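So the structure is just underneath, and the comments pick up after that.
The values are calculated or read from the model by the stated rules, or taken from the named source; none is laboratory data. Every value quoted in this text rests on a predicted model; they were computed, and no experiment measured them. Cβ placement follows ideal geometry from the backbone for every residue including glycine, while neighbour counts extend to all protein chains displayed. Accessible surface is based on the protein model in full, side chains and every heavy atom, while ligands, DNA and RNA are left aside. Shrake-Rupley method; radii C 1.70, N 1.55, O 1.52, S 1.80 Å.
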Amino acid sequence: MTLALAGVVVAGSTACGQADPSGSGGEAGDDGLTEVTVTLNWVPYGEHAPFYYGVEQGIFEEEGIDLTIQPGNGSGNTVQQVAQRNTDFGWADTPPLVNGISSGMPVRSVGVFLQTGPSSVEFFADQGITEPADLVGKTVGGTPGDAMYGTFPAWLELNGVDPADVTVVNVDAAGKIAALIEGKVDAIQGFHHDQAPTIENQTGEEVEALPFADFGMNLLGTGLVAHEALLADDPELVEAMVRATSRAFLAASEDPDAAVAAMAAGAEQAPDEAVLAAQLAATVDLLGLEDAPAPGVNTEEQWTDTLTFLSENTDFDGGTTAADFWDGSFGADL
């Protein structure tokens, strides 16, 4: 995902560095605001524009938070940073989160925002791919260890395709986009709301995707993650962070141009504004605003469905009890 956009990104606070290792959140500054860090799932792209917009518009400040936004290096790493209390909150994809929890990490989701997962297979439009069956005989680039790589065979089987008939080429995360552009693979596994606009911007060619969610497999996507100690020791801060993030995402969905401008101004080495706009528009489509009471509010059924699919179709063995992975109480009043 747009790996060219490396670098530390800070917005809304001059307080860089690690979060309070006590797990009770950051300290209050002279202005009375609580210094809080959130580590993203990746280097900044359009999905993250609401955080920058929320800072610019004073939404986080209104909730008593002085927010520092930090780039990430994959959801699994972000979950680990939360578990080690190197950051107050994480922004991470659900499958790596539940794997981390099942391995013993003391963290919880406090609300998934992308209620339609963005996992997909992406390709140039001239490939003529319109359904999973069209992948037979094709080469698909994937990164071992990530959620898409693990669920791809099950997704193919759900759609009547023998995984043995599709060649998966192992590519590291930094090389997937290049592998597609250079013709080393016919398609790649990736988040279509992020990578497709990036590839189109780099090549000038139309990119299409087969979202897993459109073909029988919707898993909850990215959302806020916190350490269990923070949930216990400072629930007011957690509730304020969930509320501010929900407000920021709603505000960004209502004025995406302003959100894009805020991110372009606030994030170092942000993507081109046209790319940001396309990424944010695609993100808004994944928020489930027609069904959810507010961004980041989930149901137990959604969590159970995701956990059941992972239990039945992957090597995930953490069970299907939603409360073991998610605490929805902090968004209950949104």
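Could you identify which residue out of 297, 242, 207 has the top mean-square fluctuation in a GNM of the chain using Cα springs shorter than 10 Å?
For the chain, modelled as a Gaussian network with Cα springs under 10 Å, the answer is 207.
Mind giving me the nanometre distance, one decimal, between the label points for residue 305 and residue 184, set 7 Å out from Cα along Cα→Cβ?
3.7 nm
Rounded to the nearest 5, what is the percent of antiparallel bridges among the DSSP beta bridges in the chain?
Roughly 55 percent of the DSSP beta bridges within the chain come out antiparallel.
Tell me the carbon and sulfur percent of the accessible area for the chain, rounded to whole percent, probe radius 1.4 Å.
C and S atoms contribute 45 percent here.
Give the accessible surface of the chain per residue, rounded to a whole number of Å², with probe radius 1.4 Å and ligands, DNA and RNA excluded.
I get 39 Å² per residue for this part.
What ranking do 308-315, 278-285, 233-240 get when scored by the average of other Cβ atoms within 10 Å per residue, highest first?
Listed from highest to lowest mean packing, they are 278-285, 233-240, 308-315.
How much length is gained on full extension from residue 131 to residue 103, taking 0.36 nm per residue of separation minus their Cα-Cα distance?
Gain in length upon complete extension: 6.6 nm.
Residue separation times 0.36 nm, minus the C-alpha to C-alpha distance between residue 255 and residue 169: what's the value?
This chain segment gains 27.0 nm when fully extended.
Does region 189-334 come out rounded, prolate or oblate by the C-alpha gyration tensor, with a ≥ b ≥ c the root eigenvalues, rounded set by a/c under 1.5 and, if not, prolate when a/b is larger than b/c and oblate if not?
oblate
What whole-number distance in Å separates the alpha-carbon centres of region 256-328 and region 80-141?
Spelled out, the Cα-based centre of one part sits 10 Å from the other.
Work out the length of the dipole vector of the chain about its Cα centre, built from +1 on the beta-carbon of each Lys and Arg and -1 on the beta-carbon of each Asp and Glu, and round it to the nearest 20 debye.
Value, rounded to 20: 680 debye.
For residue 31 and residue 214 in the same chain, what is the full-extension length gain: residue separation times 0.36 nm, less their Cα-Cα distance, in nm?
This chain segment gains 61.2 nm when fully extended.
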